[in-house]
Amino acid sequence: MINSSIYIQSQQEVFDVVIVGSGAGGGMAAHTLTKAGAKVCVLEAGQPFDPADPKDMTQLKWPYESLRRGASSSLRNFGDFDAAYGGWDIEGEPYTRKDGTKFDWFRSRMVGGRTNHWGRISLRFGPDDFKRKSIDGLGDDWPIGYDDVKPYYDKVDKMIGVFGTNEGLRNNPDGFFLPPPKPRLHELMIKKANKALGIPTYPSRMSMLTKPINNERGQCFYCGQCNRGCSAYADFSSSSVLIKPAAATGNLTMLPFAMAREVLTDPATGLATGVSYVHTGTMQEYTVKGKIVVLAASAGETARLLLNSKSSRFPNGLANSSGVVGKYLNDSTGASRSAIIPSLFNRKRYNEDGVGGMHIYTPWWLDNAKLDFPRGYHIEYGGGMGMPNYGFGWGIEGLNGRENFTRDGLKKAAGGYGATLKEDYRRFYGSYVSFAGRGEPVVREDNYCEIDPNVVDKYGIPVLRFNYKWSDYEVKQAKHMQETFEEIIHAMGGEPMGKKPGADSNYGLADPGRIIHEVGTARMGDNKNTSVLNSNCQAHDVKNLFVADAAPFVSQGDKNATWTILALSLRTSEYIIDQRKKGNL
Amino acid sequence: MKRRDYLKNMGLSSLGLAVFNPDEKAIENLESAKVPVKRPNGRTQEEAEMEARLQAEVFLNKHELDTITILSDIIIPADGKSGSASQSGVTAFIEFIVKDKPEFKTPMRGGLRWLDSESNKRFGKKFIEITAAQRINIVDDIAYPGTAPKHLSQGVSFFTLMRNLTATGFFSSKMGIADLEYKGNTPNQWNGVPDDVLKQYGLSYDA
């Protein structure tokens, strides 16, 4: 049976800090605060996870060790070995959408949250990313700039480890990088094609240890499976890299299976006093008390928690006198395309697993003044002789009837069976490449999440209802991505797969939420009427309440959010320590 | 952690299901009334329970599975390099996956029935009872989506599904992975593309 004593005992204590969520933001806050000597309690709605524990470990398993050969299931949406428990739909934990709009919400229910399976693409925001309104008049500037965050990016680079190269790019700043892995064959071909097209290509910037950085974590051994979690702790996940050392301080009380219900406040002072939660296994209700509360439950869950924490003093939800909580929700734009490269047919076999993901990438390189859309995107590249699993060979009837795709260069009827078909699969193996654009949307007040007035989850907690629409800006950006991808494919001598996505499908623009970069639901600002948090991610309305996930983001950047979540959480945590020392908290 | 420690640790667990200890105490069931299902390594408790339910379910019958075996070996036969689809375990894979992905249930069952019906029309017997040459007579009419007779389009759809499931099952098996000569899924040091390959493609790291 679940040992409930820790849940009962933790009710007796008043913690220095209660943190909701154990992902990038919660993990960094727990790490920083426990190391500083604070007594910290972390609530995590999901179960424990340690990729080095054989019970949890899927690294280096073969597809035939899975009944479904690595296919996704309702319990692991990114494949049977992927380290994300949960997914787009979790039984008993619904969310809804308003007026036929679309938003898909990916949740991981585990210690470390979504950092367990993410792509480890670790990009700093640049100076322009904090000041977009000053550049193009759209959205809002952040109340802070790159110089405010730079010292924390620097610390995160050194503490966690990231490979890459210093290129002196203004809006893709240099950092403290470990050596990057050399490009794979298809990546060299992309680089060559890009050079001819004037599209820059650089070593990617990802958080895997290509060199050891301490005695607690090992070195990357190039299995290409970071999304499964690393048994050597050679990649970044919050559970392995932040929560584990935080626990080792003896100052952390880690409570898994703890689904936060409300932030509790003192009706007299209006200060946060703790958090109530339900144990997801026993369904017992508990409260945990803290002098400071840090929300790091994800942009969606943090907004939900604030909006559900209503009292006579805070009738619109906690820290929401501005009415801004839940608004300005935004996710990265995303569009993709794949291709087959005939010059790679029958290629020589060798191990090119490399790190989990791309070894090269393209940061945004164009001038919006010459384009019909604002904001940019970066390009992520895929391909190579990966481990075959569920889906391998699917749809070959769309390929093997093409001109010059046979061994002897002749055309044959598509589809087929038998010895020649078997030969086709071998010939095509490792000759695919894929392209994915990830870009910045323009933030809108009318893209938001709110509490659904009618629906509760199985714990009786009111759920989120999303309202989100893309504008022409994002659609035009996706169109540009598709044109770029085709240019690169043709320059490589490749053939694009499938039909080019057109206007009827928004040029392949992924539905909101699908890129899993949602940010902005409790944005920071200097004006308490138009923002939820101040520039230290401290609630304007409740001085002992902080937010340490992506909810404080004022805009998205054409970068992935995680490195900025880590830097901001570190910055906020150091601010908390400083304010405690000064007696202000 | 020292490299040798995690390699040792990994060596144990990378055997995956093979190291599953049947005596290992199942993790605590959240609801005591539930019949305990042992949690194999690499699975959550919920997954272990879902997979136990799926494995207990019977969907395809013996005749259907026998037909799948014959068809899959027509699609991927043994050759000088490797064995056939059924030798790699494709039948068992398809038996499981149509239960796991229920959207395949009716197309698979109905497609097999379509095949027997077509076989009956042409030769007065079910597909598994006709000769190898008679089977090819039917397969040739449904294996090429671009040129197949229009009135057999449902057969073409079924054969395409069978081709996809057979290929995926074969090439994700131990036999199929060896056939493809996939070299990864093992600790190594990535030092870049081999020199002879760089030369073959006229590429270099200096460019």
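Quick note: the coordinates plus some simple rules give every number you see, no bench work behind them. Keep in mind that this is a model prediction, so the values were computed, not measured. Cβ placement follows ideal geometry from the backbone for every residue including glycine, while neighbour counts extend to all protein chains displayed.
Counting only residues 5 or more places away or on other chains, whose amide H sits under 5 Å from the amide H of A:GLY274 once H atoms are built in the peptide plane?
A:LEU264, A:GLY290
7 Å from Cα along Cα→Cβ at both A:VAL456 and A:LYS211: what's the point-to-point distance in nm?
5.6
How compact is chain A by the rule of thumb for globular proteins, expressed as Cα Rg over 2.2 N^0.38 Å? All intermediate terms of the calculation are to be shown ahead of the outcome.
Values: Rg = 24.0 Å, N = 585, 2.2 N^0.38 = 24.8 Å.
Compared with the compact-globule rule of thumb, chain A sits at 0.97.
Using label points projected 7 Å from each Cα along Cα→Cβ, tell me how many nm separate A:GLU167 and A:ASP148, to one decimal.
With each label point 7 Å from Cα toward Cβ, the separation is 2.8 nm.
Take A:TRP364, A:TRP470, A:TRP88 and order them by how many other Cβ atoms sit within 10 Å, fewest up front. Numbers along the way, then the final one.
Values: A:TRP364 25, A:TRP470 22, A:TRP88 15.
Least to most surrounded, the residues fall as A:TRP88, A:TRP470, A:TRP364.
Working from the pairwise distances between different alpha carbons, so that the mean of 1/r is found and then inverted, what is region B:62-180's Kirkwood radius in Å? Spell out each step's value before the answer.
Working: mean 1/r = 0.0688 Å⁻¹.
Computed over region B:62-180, the radius equals 14.5 Å.
Aspartates and glutamates near A:LYS39 by alpha-carbon distance under 13 Å, same-chain residues fewer than 8 away left out - which ones?
Within the straight-line cut-off, A:LYS39 pairs with A:GLU13, A:ASP16.
Using the Karplus curve 6.51 cos²θ - 1.76 cosθ + 1.60 with θ = phi - 60°, what ³J(HN,Hα) values do you get for each residue of region A:69-82, in whole Hz, with x for Gly and Pro?
Working through the residues one at a time gives 6, x, 5, 6, 9, 5, 9, 9, 6, 9, x, 5, 10, 5 Hz.
Once R0 is set to 35 Å, what does the formula 1/(1 + (r/R0)^6) return for the Cβ-Cβ distance between B:THR131 and A:LYS411, expressed as a FRET efficiency to the nearest 0.05?
Numbers: r = 31 Å, r/R0 = 0.89.
With a Förster radius of 35 Å, E is 0.65.
What is the sum of charges, Lys and Arg at +1 and Asp and Glu at -1, for the other residues whose Cβ falls under 15 Å from the Cβ of B:LYS101?
Values: positive: A:ARG68, A:ARG69, A:ARG76, B:ARG53, B:LYS99, B:LYS105, B:ARG109; negative: A:ASP80, B:GLU51, B:GLU57, B:GLU95, B:ASP100, B:GLU103.
Here the count lands on +1.
According to a simple spin-label model (label point 7 Å from Cα along Cα-to-Cβ), what is the distance in nm between A:MET497 and B:ASP140?
Label-label distance for B:ASP140 and A:MET497, simple model: 3.2 nm.
Can you give the local net charge around A:SER239? Use residues other than it whose beta-carbon is closer than 12 angstrom to its beta-carbon, Lys and Arg +1, Asp and Glu -1.
Residues near A:SER239 contribute -3 overall.
Which of the lysines could be linked to A:LYS195 by a straight reach, that is with a Cα gap under 28 Å, when you skip same-chain ones fewer than 8 residues away?
Filter leaves A:LYS182, A:LYS348, A:LYS370, A:LYS476, A:LYS479, A:LYS499, A:LYS500, A:LYS559, B:LYS199.
Treating only the Cβ of Lys, Arg, Asp and Glu as charged (+1, +1, -1, -1), what charge dipole size does region B:62-180 show about its Cα centre? Round to the nearest 20 debye.
Numbers: 15 positive and 13 negative charges, 52 e Å.
It works out to roughly 240 debye.
So if we plug the beta-carbon distance of A:THR269 and A:LEU138 into 1/(1 + (r/R0)^6) with R0 = 45 Å, what FRET efficiency do we get, rounded to 0.05? Before the final figure, lay out the partial values.
Numbers: r = 39 Å, r/R0 = 0.88.
Rounded to the nearest 0.05, the efficiency is 0.70.
Among A:VAL475, A:VAL263, which comes first, then next, by fewest other beta-carbon atoms within 10 Å? Let's see the in-between values first.
Details: A:VAL475 17, A:VAL263 27.
Arranged by neighbour count, lowest to highest, A:VAL475, A:VAL263 become A:VAL475, A:VAL263.
Quick one: which of A:LYS55/A:LYS244; A:LYS411/B:LYS81; A:LYS98/A:LYS543; A:LYS61/B:LYS126 span more than 29 angstrom between C-alpha atoms? Before the final figure, lay out each step's value.
Numbers: A:LYS55/A:LYS244 17 Å; A:LYS411/B:LYS81 25 Å; A:LYS98/A:LYS543 33 Å; A:LYS61/B:LYS126 40 Å.
In this structure, A:LYS98/A:LYS543; A:LYS61/B:LYS126 exceed 29 Å between Cα atoms.
Viscosity 1.306 mPa s, temperature 10 °C: what is the translational diffusion coefficient of region A:256-401 from Stokes-Einstein with a Kirkwood Rh over Cα pairs, rounded to a whole number of µm²/s?
Working: Rh = 21.2 Å.
Roughly 75 µm²/s, to the nearest whole number.
In terms of modelled amide H atoms, which long-range or inter-chain residues lie less than 5 Å from the amide H of A:ILE19?
So A:ILE19 has HN proximity to A:CYS41, A:VAL42, A:LEU43, A:VAL294.
Counting only residues 5 or more places away or on other chains, whose amide H sits under 5 Å from the amide H of A:SER535 once H atoms are built in the peptide plane?
A:GLY525
Among residues other than A:ALA45 whose Cβ falls under 13 Å from its Cβ, what is the net charge (Lys/Arg +1, Asp/Glu -1)? Each step should come with its number before you reach the end.
On the way: positive: A:ARG107, A:ARG109, A:ARG114, A:ARG261, A:ARG304, A:LYS458; negative: A:GLU44, A:GLU93, A:GLU301, A:ASP457.
Value of the local net charge: +2.
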